[in-house]
Structures are given as C-alpha cells and as structure tokens.
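Report on one structure; see the data block that follows.
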Amino acid sequence: MAEMVFGLATSHTPMLTLEGKRWNERAAEDQKSKSLNLSDGRYVSYEQLAKENGAPYGDVATEENFLKIEAAAQKALDRISDSLAKAAPDVVIIVGDDQSELFSLSNMPSVSIFYGDEILTHERHLTEQTPSWVGAITKGYAMDAVHSFPGHSKFALEIITGLIDEDVDIGAAAKVDDPHKAGFGHAYGFIIERLFKSKPIPVVPILLNTYYPPNAPTARRSFDIGRKIARIIEQSKSDLRVAVAASGGLSHFVVDENLDRKILRAIEKKDAETLRSLSRDELNSGSSEILNWVMVAGMSEKLNNDWSEYYPGRRTPAGTGTGMAFATWS
C-alpha cells in the first residue's frame with residue numbers, strides 16, 4: 001500500500017532565484033505593466049494602482065529589505081529541502097501550472113497528469129530584447145537548457161485510471177515531442193532544482209490550467225480532486241512513500257496580504273470550505289497559482305500542517321510583487 005508521508009508548498013517567484021540586490025530589475029517591469037490583477041477581479045496599470053492606494057510601500061521596497069527577505073526565504077527553502085530528504089519519498093507528485101511551456105492555446109487541458117518515464121524541461125529562448133534578470137533565473141528553473149528528470153509512469157497511470165473511475169475526466173500526456181519548442185517549465189524545475197538536493201527522485205507532474213480562461217478549474221474542483229487523489233494513493237497496491245508538492249503562489253502580481261494569510265490560516269485549521277470557496281476574482285493571473293496549494297491541501301487533509309512562513313514580497317512602492325509563502329505537512 002502506498003503511503004503519503006510528506007506535503008510541501010512553496011512559492012516559485014523569480015525573487016527566489018534572483019539575488020535580492022537585483023529585485024529592483026524585476027520591479028521595473030511591474031512599473032511598466034498595464035495589467036496588474038487585483039483580488040476584486042479588476043486589472044489596472046501600475047499608475048492606476050499607485051493612484052488608488054497612494055503607493056505606501058516605499059519604505060519596504062528597498063534593497064536593504066529585499067536582502068532581509070531573501071535570506072529568510074532561502075532559509076525557509078532549506079528547511080523544506082531538509083524535511084523532504086528526511087521523509088525519503090520514493091516519488092513526489094508536483095502540482096504546478098503550465099504557462100505555455102508544455103501546452104499552448106492549441107491544446108490547453110484544465111487538468112492533466114504526465115505519465116511518461118522522462119520529464120524534459122523546456123529551454124527558455126533568450127533574445128537581445130530579453131531583460132537580463134530573466135536570463136539569470138533560468139538555471140533555478142532548470143530552463144537554461146533541456147534537463148531530463150525521472151518520471152514514474154506506473155504510479156501516474158494508477159492516479160489517472162483512479163480519477164477516471166472517480167468520474168474525473170483527467171487529461172493525460174506521456175511524452176515531450178521537442179523540448180526546444182515545448183517542455184516542462186518553471187513550476188516543476190524549481191521544485192526539483194531547489195529542493196531535491198540533486199537526488200533523482202521520480203516525479204509525477206500534475207498540470208493545472210490556472211492562468212488561461214475559459215477552462216481554469218475552480219477552487220472547489222481543485223480541492224475535491226486533491227481529496228480523490230489522496231484516496232487513490234491510500235488504495236494503491238504500490239509499495240511507495242509518496243510526497244506531494246504545490247508549486248507557485250501566493251498572491252501576485254499585486255501582493256494581497258489579507259488573502260494570503262486567509263489561505264494559510266485555512267490550511268492550518270483544515271478549513272476546507274474557505275479553500276473551496278475562493279472566488280474567481282481572487283484567482284486571476286499570478287494569484288491563480290493559489291489553486292496549486294488548494295489541490296495539495298485537499299491531498300493532505302489527513303496530514304497536519306506543522307509549519308508555515310510568509311513574507312509579503314512587495315518590490316515597488318505601490319505594492320507589486322509576490323506573497324512568498326512556504327508550508328509543510330507531516
């Protein structure tokens with residue numbers, strides 16, 4: 001019988017793969033943006049955002065504060081990595097979002113599971129127009145070149161067929177045709193590169209279409225599918241120690257600290273209804289990656305959320321950035 005032994009969740013923002021002293025370079029992109037998502041469902045320009053809120057975060061959007069948050073966040077990642085190693089899983093299920101890295105608008109499943117034996121990452125193609133900070137983060141995402149990581153075909157197929165039996169019409173994929181054109185992206189490469197300590201742990205990727213309407217799953221459906229996957233793991237005849245991981249989030253590209261802390265409280269208290277009732281408006285653009293946490297929370301209901309940390313990573317005076325969060329279940 002398979003056993004779920006560990007759960008983890010972590011942001012995968014570029015702020016975690018880029019030196020703190022360079023966060024201002026990412027901030028400069030925010031200040032050019034004409035489409036920053038708010039938790040009320042609106043999209044505004046940076047100028048509109050600053051006008052609405054008075055740009056009150058100038059005293060925290062400084063290099064000194066960036067370096068403090070960077071150090072704390074890297075310490076949190078080290079803690080997760082150490083805990084994962086101690087749990088010694090035979091396989092890790094990674095719940096992430098695909099941002100036109102493996103899939104495209106020609107085929108964008110709502111939820112898909114990869115059941116191939118080889119996971120190939122997509123090499124990020126840089127041009128002279130690509131901001132230099134983008135090139136700096138590709139290694140941390142395993143997108144500086146095509147990287148190969150082991151999958152777990154047999155266990156992935158168990159989950160797929162189990163979900164079909166549970167009346168979940170799940171998408172499925174088994175190979176990457178040409179990783180120079182399309183492959184696994186940052187949500188998966190970050191977890192493997194940063195947390196696995198170079199150990200070749202087989203991975204089962206679950207890909208949620210969080211970003212692209214009209215078929216993004218609801219929070220309710222994400223949580224409920226997570227519950228069903230947990231049941232399938234419990235019923236599996238495979239002798240496996242299983243870890244589950246949520247990659248991404250929390251709120252961005254405008255930090256909503258109230259939303260982020262609501263989610264972390266709900267996870268701690270096993271408040272399924274709060275997680276299931278998150279609205280579409282709260283889950284647009286970058287904040288949509290919260291769905292990855294919601295699904296893993298559904299998987300981890302029988303474990304205890306034993307630790308979490310949170311840093312509102314505001315990198316501009318108007319408050320753009322990422323709510324950087326970290327959590328474990330055991």
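The values are calculated or read from the model by the stated rules, or taken from the named source; none is laboratory data. The structure presented is a predicted model; accordingly, all values stated were derived computationally and were not measured. Backbone-built Cβ (ideal geometry, glycine too); neighbour counts: all protein chains shown. Note: areas computed on protein heavy atoms with side chains; ligands, DNA, RNA excluded. Shrake-Rupley method; radii C 1.70, N 1.55, O 1.52, S 1.80 Å.
In the range 145-167, whose amide N lies under 18 Å from the spot 7 Å out along Cα-to-Cβ of LYS175? List them in ranges. Under 18 Å, as judged by backbone N against the label point of LYS175, lie 147-154, 157 of the range 145-167.
Using only Cα atoms, locate the centre of the range 271-308 and the centre of the range 217-259, then give the distance between them in Å, rounded to an integer. After rounding, the separation between the Cα centres reads 7 Å.
Just the protein heavy atoms count here, and of the accessible area of the chain at 1.4 Å, carbon and sulfur take up 48 percent.
Stokes-Einstein diffusion of the range 127-179 at 37 °C, 0.692 mPa s viscosity, Kirkwood radius from Cα pairs, rounded to a whole number: 229 µm²/s. Within a Cβ distance under 12 Å of PHE223, other residues only, what is the Lys/Arg minus Asp/Glu net charge? Around PHE223, the charge tally is +2.
Need one word for the range 84-147: rounded, prolate or oblate. Basis is the Cα gyration tensor (sqrt eigenvalues a ≥ b ≥ c); a/c below 1.5 gives rounded, then a/b vs b/c decides. The shape class here is oblate. Distance from the Cα centroid of the range 112-171 to that of the range 77-96 is 17 Å (rounded to whole angstrom). Restricting things to alpha carbons, find the Rg to Rh ratio for the range 2-93 using the Kirkwood radius for Rh. Value, to two decimals: 1.11.
Note that the chain presents 42 Å² accessible area per residue, ligands and nucleic acids not counted, probe 1.4 Å. Against the main long axis of the alpha-carbon atoms of the chain, helix 290-299 sits at an angle near 30°.
Plainly put, the range 8-152 has a radius of gyration that is 0.99 times its Kirkwood radius, both from alpha-carbon atoms, as the Rg/Rh ratio. Over the chain, all Cα pairs binned in 10 Å intervals from 0 give whole-percent P(r) values of 6, 28, 37, 23, 6, 0, listed from short to long. Setting aside same-chain residues fewer than 8 positions from LYS21, which lysines have a Cα under 19 Å from its Cα? List returned: LYS68, LYS75, LYS139. Counting Cα-Cα pairs of the range 111-258 in 10 Å increments starting at 0 gives whole-percent bin shares of 10, 35, 37, 16, 2, 0.
With the simple spin-label model, which puts each label point 7 Å out from Cα in the Cβ direction, the ALA55 to SER104 separation comes to 3.9 nm. Ignoring lysines fewer than eight residues from LYS51 along the same chain, the ones with Cα atoms less than 22 angstrom from its Cα are LYS32, LYS34. Think of the range 92-235 as a dipole: +1 on every Lys or Arg Cβ, -1 on every Asp or Glu Cβ, centred on the Cα centre; then among LEU195, PHE103, TRP133, LEU195 lies furthest on the positive end.
The peptide list 214-221, 115-122, 182-189, 101-108, put in order of mean Cβ contacts within 10 Å with the highest first, becomes 182-189, 115-122, 214-221, 101-108. Each residue, TYR43 and GLU273, gets one label point 7 Å from its Cα in the Cβ direction; the gap between the two is 3.4 nm.
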